[in-house]
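The values are calculated or read from the model by the stated rules, or taken from the named source; none is laboratory data. Computed from a predicted model, the values in this text were never measured in an experiment. Neighbour counts run over all protein chains shown; Cβ positions are idealised from the backbone, glycine included. Note: areas computed on protein heavy atoms with side chains; ligands, DNA, RNA excluded. Shrake-Rupley method; radii C 1.70, N 1.55, O 1.52, S 1.80 Å.
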Amino acid sequence: MITVSPPLSDKGRKARYGVSYLRNVCANAGYNIEEISVDEDNQAVDAKIGFVGADLRIQVKCTQRSFTVTEEHLTWTVEDHWRKKWSENVLPCYFLAVQVPAGSDPWIDHLDAQTVHNTSAYWTRIDVPSLGTNIAVKKNQRLTETTLHEWQNHLLQHFTPWSA
């Protein structure tokens, strides 16, 4: 038997999985998602969720870091080009951290009756004016279907409805 290594690096696997995780949550909630091609990532966002009325932009990062018992958040260093691109958004933009198990622990278990993702995701709204050198996601801000409804409501607050 020939053993062939998968074509994606660990970084590539995490990038693909992070957006796929968001895609699965959106599909389950009934929302479509458009992934931004790597070559076209000129807004420092990886995906757009298609809400009624407008699309919401999401930056997705996937990590094997995990919260410790005492940690309330995980942080990422904000790159200068992210800040510049995020500052050009006129509508809300969100940062999503998808957490996968470290080491050789499986991200997905294929059981007899179900498939279980051993992963989770946490989010924060990107607030450029108050953004320091880091962006943090809190462990009490877990991505769920309810989160998507909250995001849509927040997005729609920026618009005046058409009157009939």
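Helix 145-156 and the longest principal axis of the Cα set of the chain meet at an angle near 30°. A straight Cα-to-Cα reach below 21 Å connects residue 139 with the lysines 14, 61, residues fewer than 8 places away in its own chain not being considered. A simple spin-label model places the labels of residue 83 and residue 160 3.5 nm from each other, with each point 7 Å out along Cα-to-Cβ. Overall, the accessible surface of the chain at a probe of 1.4 angstrom is composed of carbon and sulfur to the extent of 50 percent. With the highest mean first, a sort of the peptides 127-136, 98-107, 48-57 on other beta-carbon atoms found within 10 angstrom per residue produces 48-57, 98-107, 127-136. The aspartates and glutamates within cross-link reach of residue 85, meaning a Cα-to-Cα straight distance under 16 Å and a gap of 8 or more places when in the same chain, are 39, 40, 41, 46, 127. The antiparallel fraction among DSSP beta bridges confined to the chain stands at about 75%. Solvent exposure of the chain amounts to 63 Å² per residue of accessible area, where only protein heavy atoms count and the probe is 1.4 Å. Site pair residue 5 and residue 32 shows an inter-label distance of 3.9 nm when each label is modelled 7 Å from Cα along Cα→Cβ.
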